[in-house]
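The values are calculated or read from the model by the stated rules, or taken from the named source; none is laboratory data. Note that the structure is predicted; figures quoted are calculated from it, not measured. Cβ placement follows ideal geometry from the backbone for every residue including glycine, while neighbour counts extend to all protein chains displayed. All accessible areas refer to the heavy atoms of the entire protein, side chains included, with ligands and DNA or RNA removed. Shrake-Rupley method; radii C 1.70, N 1.55, O 1.52, S 1.80 Å.
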Amino acid sequence: MNFTGKKYAARFRIEMSFSAEQIADMLGEYEQDRRTGMEVDAVAEEIYRYTSGYPYLVSAICKILDEDLPEERGFQDAGRTWSREGIAEAVKRLLRERMPLFDSLIRQIDEYPDMKQMLQAILFQGRQIAYNPDAKDIELATMFGYVVDRDGRVQIANRIFEMRLYNFFLSEAELTSAKMIVEAVV
């Protein structure tokens, strides 16, 4: 760009997440094809509540709802599958799965111990950390999509990441504790 003879760098931003309305649009098309009886807007809001629109997570939940859950007892009825209860069950399953997204999350946490400490402080101590894109750990966590800037504070990007990280950190602490007990006995 050239304004009055000077060159300026233009900010380039692409929104990489879906809004609840965009999720509702996709679910609306699915509902027209499948006629599940779901309340499209309510289901879209619930999926958004867990994912904050993170495309991979939205897709993963919908895949479980469409392909896996209908074969389970209590979810054979499509209206029950595409409901709050169905979404909660899909999230539980998602959190128990190994997938490249979660593998990458854990690998990055192991590779960047200061970022790990920041995430632990947010999750376990309720620390309020000012969002500063110049801080290396905040910048890295933002770049990876694990945190976002909400009202000038660093927050975990979505509930699924929050739950996955919380479960990982708890398991890690339990294993460390168990090793210490075994070493003390031996």
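Scan region 35-68 residue by residue and report those that are out of contact with any Phe, Trp or Tyr (no Cβ under 6 Å at 6 or more places or on another chain) and on the phi > 0 side of the Ramachandran plot. The answer is Arg35, Gly37, Ser52. Only one of the numbered conditions (1) more than 20 Å from Lys92 (Cβ to Cβ); (2) surrounded by fewer than 16 Cβ atoms within 10 Å (Cβ to Cβ); (3) modelled with pLDDT of 95 or more is not met by Ala42, and that is (1).
Within region 114-139, the residues that satisfy the criterion of being closer than 20 Å to Leu170 by Cβ and open to solvent by 80 Å² or more (accessible area, probe 1.4 Å) are Gln117, Phe124, Gln125, Arg127. Hey, could you check region 49-107 for residues that are over 17 Å from Asp25 (Cα atoms) and β-branched (Val, Ile, Thr) and say which is farthest from the chain's Cα centre (by Cα)? Per the criteria, the residue is Thr81.
If you go through region 140-173 and keep only what is surrounded by 14 or more Cβ atoms within 10 Å (Cβ to Cβ), at pLDDT 95 or above and charged (D, E, K, R), you end up with Asp149, Arg153, Arg159, Glu162, Arg164.
Filtering Gly5, Gly53, Gly28 for residues that are at pLDDT 95 or above and farther than 21 Å from Ala88 by Cβ leaves a single hit, Gly28. In region 13-25, of all residues being of a type in the set (A, V, I, L, M) and at pLDDT 95 or above, the one that is surrounded by the fewest Cβ atoms within 10 Å (Cβ to Cβ) corresponds to Ala20. Taking the criterion of being more than 30 Å from Glu71 (Cβ to Cβ), touching a helix residue (DSSP H, G or I) at 6+ places or on another chain (Cβ under 6 Å) and of a type in the set (S, T, N, Q), would at least one residue in region 165-180 satisfy it? No, every residue in region 165-180 fails to be more than 30 Å from Glu71 (Cβ to Cβ), touching a helix residue (DSSP H, G or I) at 6+ places or on another chain (Cβ under 6 Å) and of a type in the set (S, T, N, Q).
Quick grid of which residues meet (1) modelled with pLDDT under 95; (2) touching a His at 6+ places or on another chain (Cβ under 6 Å); (3) closer than 17 Å to Val58 by Cβ:
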| position | (1), (2), (3) |
| --- | --- |
| Glu72 | yes, no, no |
| Asp77 | yes, no, no |
| Arg84 | no, no, yes |
| Ala90 | no, no, yes |
| Asp114 | no, no, no |
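Sort through Asp149, Asp134 and tell me the only one that's outside any helix (DSSP H, G or I) and more than 17 Å from Met16 (Cβ to Cβ). That would be Asp134, the only listed residue that is outside any helix (DSSP H, G or I) and more than 17 Å from Met16 (Cβ to Cβ).
Scanning region 57-103 for residues that are polar (S, T, N, Q) and open to solvent by 30 Å² or more (accessible area, probe 1.4 Å), we see that the one that is farthest from Ser19 (Cα to Cα) is Gln76.
Considering each of Ile61, Ile47, Ile87, Ile109 in turn, give the residue that is among the hydrophobic types (A, V, I, L, M, F, W, C) and under 18 Å from Phe144 (Cα atoms).
Ile109
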